[in-house]
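Asker: Below is one structure. I have some questions about it.
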Amino acid sequence: MNKLLEIKNISLTYQTLKSETEAIKNISFDVSKGEFVSIVGPSGSGKTTILSLIAGLIAPSSGEIFIDGKQVKNVSTDVGYMFQRDNLFEWINIYQNVLIGPKINHNKNCLSKIELKSLINKYGLGGFEKAKPTELSGGMRQRVSLIRTLALNPKILLLDEPFSALDSQTRLSVQNNIHSIIKSEHKTAILVTHDISEAISMSNRIIVLTKRPGTIKTIFNLEFNESLTPLERRNDPIFNSYFKSLWDELQ
Ligand code: ADP
Ligand code: MG
């Protein structure tokens, strides 16, 4: 598989007036097209920092990042970001929320209105176009948020603990939905989470970071049958052995 994302030996030290914080150190990894990679690690180990660097929101102190062979030098339109809070605008309806990116960006890669309508229908939001976000469940809101991110047609989706505000029951079904949308739209995704089970149920690969300054402690390749959904993976006998290994790594 070809490398879509290449991270070459990046380090980042945050400078403030009073202090310096070395957040991450000598991080290198590649992500192939269509891959789903999770990053787990203790709080403060630099997970969000790595996503911000990939998105071009901040520049590394040293090292280089390439997307599709092109070095990331400022905010990259190749990248779509999804956060813990869905950040939907409450005062406009679902359709307008989904359309907001293409409206602001005028980027020729954006999905057309017809393509967006078809995503809305395909992912169970048909009939809700005129509803306001408050009328939707947490799971539906996250799907709207994902479709809004997909509207800009990013090459890579960055997901920063997108499920942590949901209750545990909703969370499982939303993981399933979001995973299936990402797979059927053939997107490449990087998920940051502190939930080991979530990482195992969704990823092809899991990168484990050490505590600050974050370095790569180990990388797990998960070998589930391709056709399993995140929920089905949880019932696979190897799920528990992955869980135990990851748990041990994080102690
Ligand atoms: P994580 O997402 O793994 O919890 P972060 O990437 O948010 O970790 O932060 C890594 C470290 O860098 C932490 O010690 C945090 O306090 C520090 N940090 C994050 N953002 C900034 C910033 N803008 N300025 C200074 N320090 C920061
Ligand atoms: Mg974080």
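Asker: Please give me the summed charge of the neighbours of ASN240: other residues whose Cβ is under 12 Å from its Cβ, Lys and Arg +1, Asp and Glu -1. Present the calculation step by step, with values, prior to reporting the outcome.
Answerer: On the way: positive: ARG233, ARG234, LYS244; negative: ASP236.
In short, +2.
Asker: Right, here's the next one. On the accessible surface of the chain, probed at 1.4 Å, how many percent belong to carbon and sulfur atoms? Don't jump to the answer; show the numbers that get you there.
Answerer: Numbers: 6230 of 12410 Å².
Result for the chain: 50 percent of the exposed heavy-atom area is carbon or sulfur.
Asker: Related question: I'd like to compare 126-132, 27-33: which one has the highest average count of other Cβ atoms within 10 Å, and what's the full order after that?
Answerer: So the order, starting with the most tightly packed, is 27-33, 126-132.
Asker: Still on this structure, please answer the following. Two decimals is fine: what is log10 I(q)/I(0) at q = 0.10, 0.12 Å⁻¹ for the chain, from a Debye sum with one equal scatterer on every Cα and no solvent?
Answerer: Cα-only, vacuum Debye calculation for the chain: -0.49, -0.71.
Asker: Still on this structure, please answer the following. Would you list, by chain and number, the aspartates and glutamates whose Cα falls below 13 Å from the Cα of LYS132, excluding same-chain residues fewer than 8 positions away?
Answerer: Correct list for LYS132: GLU90.
Asker: At R0 = 30 Å, how high is the FRET efficiency between LYS183 and LYS211 if r is their beta carbon distance? Nearest 0.05 is fine. All intermediate terms of the calculation are to be shown ahead of the outcome.
Answerer: Details: r = 32 Å, r/R0 = 1.08.
For LYS183 and LYS211, the calculated efficiency is 0.40.
Asker: Mind giving me the FRET efficiency for GLU232 and ARG85? R0 is 30 Å, r the Cβ-Cβ distance, nearest 0.05 is fine. Provide the component values of the computation, followed by the final result.
Answerer: Values: r = 29 Å, r/R0 = 0.96.
Here the calculated transfer efficiency is 0.55.
Asker: Something else now. What is the gain in length, in nm to one decimal, between ALA165 and GLU223 on full extension, counting 0.36 nm per residue of separation less the C-alpha to C-alpha distance? Can you show the working numbers first?
Answerer: Values: separation 58, 0.36 × 58 = 20.88 nm, distance 2.86 nm.
Taking ALA165 through GLU223 to full extension adds about 18.0 nm, to one decimal.
Asker: I've got another one for you. Using the heavy atoms of the protein chains alone and a 1.4 angstrom probe, what is the accessible area of segment 165-251 per residue in square angstrom? Walk me through the numbers on the way to the answer.
Answerer: Numbers: 4320 Å² over 87 residues.
Heavy-atom accessible area per residue stands at 50 Å².
Asker: Along the positive direction of the dipole of the chain (beta-carbon charges: Lys, Arg +1; Asp, Glu -1; about the Cα centre), which of THR218, THR77, SER61 reaches farthest?
Answerer: It is THR77, whose Cα lies furthest towards the positive end.
Asker: Quick one: net charge around GLU223, please, counting Lys, Arg +1 and Asp, Glu -1 for every other residue with C-beta under 14 Å from its C-beta.
Answerer: It works out to a net charge of -1.
Asker: I would also like to ask the following. Could the peptides 89-97, 198-206 be put in order, highest first, of the mean number of other beta-carbon atoms found within 10 Å of their residues?
Answerer: Numbers: 89-97: 15.6, 198-206: 23.8.
Descending mean neighbour count gives 198-206, 89-97.
Asker: Can you tell me the dipole magnitude for segment 119-195 around its Cα centre, using point charges on the Cβ only (Lys, Arg +1; Asp, Glu -1), in Debye to the nearest 20?
Answerer: Details: 10 positive and 7 negative charges, 61 e Å.
The dipole of segment 119-195 has a size of about 300 debye.
Asker: Based on the alpha-carbon gyration tensor of segment 1-96 and its eigenvalue square roots a ≥ b ≥ c, which shape applies: rounded if a/c is under 1.5, prolate if not and a/b is larger than b/c, or oblate?
Answerer: Details: a/c = 1.83, a/b = 1.21, b/c = 1.51.
Since a/c reaches 1.5 but b/c is at least a/b, the shape of segment 1-96 is classed as oblate.
Asker: What's the local net charge at GLY44, with K and R +1, D and E -1, over the other residues with C-beta under 13 Å away?
Answerer: Working: positive: LYS47, LYS211, ARG212; negative: GLU22.
Net charge around GLY44: +2.
Asker: Now for a different question. Run the dipole for segment 1-144 about the Cα centre, Lys and Arg Cβ at +1, Asp and Glu Cβ at -1, nothing else charged, and hand back the magnitude in debye, nearest 20. The partial results should precede the final answer.
Answerer: Numbers: 18 positive and 13 negative charges, 75 e Å.
Around 360 debye, computed over segment 1-144.
Asker: Using a probe radius of 1.4 Å on heavy atoms only, what accessible surface per residue do you get for segment 1-70? Whole Å² is fine.
Answerer: Numbers: 3350 Å² over 70 residues.
That works out to 48 Å² per residue.
Asker: When the dipole is taken about the Cα centre of segment 71-214, and only Lys, Arg (+1) and Asp, Glu (-1) are charged at their Cβ, what size is it in debye, to the nearest 20? Numbers along the way, then the final one.
Answerer: Working: 19 positive and 12 negative charges, 81 e Å.
The calculation lands at about 380 debye.
Asker: Between SER19 and ASN121, what is the FRET efficiency for a Förster distance of 45 Å, r being their Cβ-Cβ separation, to the nearest 0.05?
Answerer: 0.30
The values are calculated or read from the model by the stated rules, or taken from the named source; none is laboratory data. Because the structure is predicted, anything quoted here is derived from the model rather than measured. Neighbour counts run over all protein chains shown; Cβ positions are idealised from the backbone, glycine included. What goes into the accessible areas is simple: the full protein's heavy atoms, side chains included, and nothing from ligands, DNA or RNA. Shrake-Rupley method; radii C 1.70, N 1.55, O 1.52, S 1.80 Å.
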